[in-house]
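Here's the structure we're looking at; comments come further down.
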Amino acid sequence: MNGRAWTATRMGFREQLRRPLLLVLLVAVPFLFISWSIAITEPTPRLITLPGGQQLLTTMKELHGAVMVPITVGFLAGLIGLFVVRSALESDRRLVLAGFSPGEAIAPRLVVLLTATLVVLAVSLAVMAISFAPASWAPFVAGNLLAGLIYGAIGALAGATIGRLGGAYLMFFLPMMDIGVAQNPMFFDGAPQGWAAALPGYGPTRVLIDSAFSQSFDATGPLLVALAWLLVLSAAVIVLLRRSLSGR
Amino acid sequence: MIAIAISGADFLREHLRARMTLAMLVVLPALFVLVSASVLGEFAKALGGSVADDSASALGAGWAAAFLAGALGFFQVASSREADRRLALAGMGAGRVAVARISASILLGLFVSAVAFGTLWLVAGIAHPAHAFVAILIFALIYIGIGTLVGSFISEPLEGSLTVAFIFLIDAFSGPGMSGGGGIAQLMPTRKAADVLIAAGAGQSSPAGDWIAVGLTTLGALLLAAGAFWFSARPRSA
């Protein structure tokens with residue numbers, strides 16, 4: 001990162017730090033959303049199917065604890081991605097006109113988005129850890145990070161293509177419907193239905209469900225699917241933003 | 001009156017002019033009701049609720065309408081503050097701007113509610129359709145009030161969206177049929193509307209007291225919305 005991009009990154013962080021309500025909400029929403037969800041869920045038995053095919057008897061409470069993290073992280077990262085990109089489209093063209101390359105203007109925005117996702121992820125995991133401990137932390141964190149990055153990129157794409165209002169509507173619903181319902185082993189027969197594999201939340205959710213309840217890792221396929229989603233979406237975001245900022 | 005009608009129609013057109021926004025208003029509530037219809041009963045049981053599957057599906061339609069209407073109300077205020085102030089200064093007056101804005105919001109709420117209701121009817125069937133439609137519309141109108149109130153205090157879209165979502169999630173999770181029972185759950189804005197919707201989903205009528213409570217809450221929400229629009233549009237002294 002060169003001097004100009006570094007300055008833009010510092011300004012980007014300063015802009016976020018001047019918004020105390022945003023910082024409060026980025027902590028309060030995960031805290032309340034996750035802790036309340038776990039607290040009000042009954043510990044009723046639930047049979048689920050893990051990615052390796054083995055069946056496991058757990059409880060709705062434990063499942064809700066595990067699955068609330070990617071729902072929250074995906075939801076918040078999606079909205080942050082949407083509005084970070086809207087802000088970039090509105091003001092970063094001036095930076096490009098003033099001599100920045102599109103890459104130098106885009107990189108700081110993506111760094112801010114990544115950092116915000118990490119903050120939300122850290123808060124969400126800390127809140128979850130009070131009531132639920134996954135069997136294997138590292139892949140569990142990776143699965144949740146992938147969910148956040150994928151939805152952050154979807155939010156960014158929505159911001160660049162659908163617009164602010166349509167994008168906000170989309171990011172309000174998509175993580176809930178995808179991770180919250182379609183991928184959620186609390187529903188259906190304890191595993192996602194066939195059609196759910198086509199959704200972006202499939203890979204990350206299978207990775208984190210596997211690691212939440214099993215110490216062996218059997219979700220290599222879903223992990224590769226998640227990485228492929230992230231790669232394609234990130235490339236699309238960068239191409240679209242470069243094109244928008246360079247005025248082509 | 002004509003100025004209000006023209007401005008109201010313009011505000012509506014402004015909102016629906018972007019085809020993707022219109023598409024989202026149709027597709028999202030329909031998809032949400034479609035996807036959640038079969039699982040909300042199970043979800044309610046997991047939270048210790050006892051609501052029947054049909055009633056839980058109906059509740060999902062109310063939530064879809066409410067969540068969209070909350071965002072809609074917020075952006076109506078937050079993104080139009082400057083334009084509304086100019087309109088008011090140009091002679092229309094803050095009161096008439098507010099009436100035009102609230103009329104456009106109600107029509108959009110009606111639209112979103114109709115989509116959610118229509119999908120619910122097709123997917124799950126409704127034992128008491130008239131009551132269910134009114135209850136879903138009331139969810140939307142209450143959240144238009146909440147969204148506009150948030151928009152009158154918070155202008156940044158991310159903070160405003162998160163605040164609306166924060167209120168919605170507390171309301172939905174503590175509602176009847178989910179975890180809600182006594183205490184703070186009784187104070188939630190859609191508490192009585194949810195009672196009416198759950199009853200309609202189960203094919204039962206609701207007592208007059210519930211309808212009066214729902215009517216008063218809706219009236220309060222709309223007055224709140226009108227106040228928020230007026231507050232945003234009123235000319236400021238330099």
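Bear in mind that the values in this text are calculations on the coordinates, not laboratory data. The structure presented is a predicted model; accordingly, all values stated were derived computationally and were not measured. For neighbour counting, all protein chains shown are included, and Cβ atoms are generated from backbone atoms with ideal geometry for every residue, glycine included.
Observations
- Simple point charges give the picture: +1 on the Cβ of Lys and Arg, -1 on the Cβ of Asp and Glu, and for segment A:85-172 a dipole about the Cα centre of about 160 debye.
- Net length gained if the chain between A:Glu42 and A:Ala228 were fully extended (0.36 nm per residue, minus Cα distance): 63.4 nm
- Shape summary: segment B:2-233 maps onto an equivalent ellipsoid whose semi-axes, from the alpha-carbon gyration tensor, are 31, 18, 16 Å in decreasing order.
- log₁₀ of I(q)/I(0) at q = 0.07, 0.10 Å⁻¹ - chain A, Debye sum with one point per alpha carbon: -0.24, -0.48
- Cleavage-rule hits, chymotrypsin sites (Phe, Trp or Tyr not before Pro), segment B:151-238, DSSP coil, Cβ neighbours within 10 Å at most 11: none
- Computed from point charges on the beta carbon alone (+1 for Lys and Arg, -1 for Asp and Glu), the dipole magnitude for segment B:2-233 about its Cα centre is near 520 Debye.
- Debye equation applied to the C-alpha atoms of the protein assembly as shown, log10 I(q)/I(0) at 0.12 Å⁻¹: -1.08
- Other protein chain C-beta atoms within 10 Å of residue C-beta, averaged over A:225-238: 0.
- FRET efficiency, 1/(1 + (r/R0)^6) with R0 30 Å, evaluated for A:Leu32 and B:Glu14 via beta carbons: 0.30
- Förster radius 25 Å - calculated FRET efficiency between B:Phe153 and B:Ala3, Cβ distance, rounded to 0.05: 0.35
- Taking label points 7 Å from Cα along the Cα-to-Cβ direction, A:Ala129 and B:Gln186 give a separation of 3.9 nm.
- In a reduced charge model with +1 at each Lys and Arg Cβ and -1 at each Asp and Glu Cβ, segment A:56-246 shows a dipole moment near 600 debye about its Cα centre.
- Note on A:Thr161 and A:Arg10: the extension gain reaches 51.7 nm, defined as 0.36 nm multiplied by sequence separation minus the Cα-Cα distance.
- Over segment B:2-233, Cα pairs under 8 Å with separation of 6+ residues give a relative contact order of 30 percent.
- Helices in chain A, meaning DSSP H runs of at least 4 residues, each add -39500 (n - 2.57). Divided by all residues, the mean residue ellipticity at 222 nm is -25500 deg cm²/dmol.
- Among the trypsin sites (Lys or Arg not before Pro) found in segment B:1-108, those both in a DSSP coil and sparsely packed, with 16 or fewer other Cβ atoms within 10 Å of their Cβ, are B:Arg17.
- Fraction of alpha-carbon pairs over 26 Å apart in segment A:65-181 - percent: 25 percent
- Theoretical FRET efficiency, 1/(1+(r/R0)^6), r = Cβ-Cβ of A:Thr49 and A:Thr115, R0 45 Å, to 0.05: 0.80
- Amide H partners (placed H, <5 Å) of B:Gly48, local residues excluded: A:Glu42
- Farthest toward the positive end of the dipole of chain A, out of A:Ala126, A:Gly103, A:Val141, is the Cα of A:Gly103, where the dipole comes from beta carbon charges about the Cα centre.
- Farthest towards the positive end of the charge dipole of chain A, among the residues A:Leu26, A:Ser87, A:Val237, is the Cα of A:Ser87, using unit charges on the Cβ of Lys, Arg, Asp and Glu.
- If the segment from A:Glu90 to A:Phe217 were pulled out straight at 0.36 nm per residue, it would be longer than the present Cα-Cα gap by 41.3 nm.
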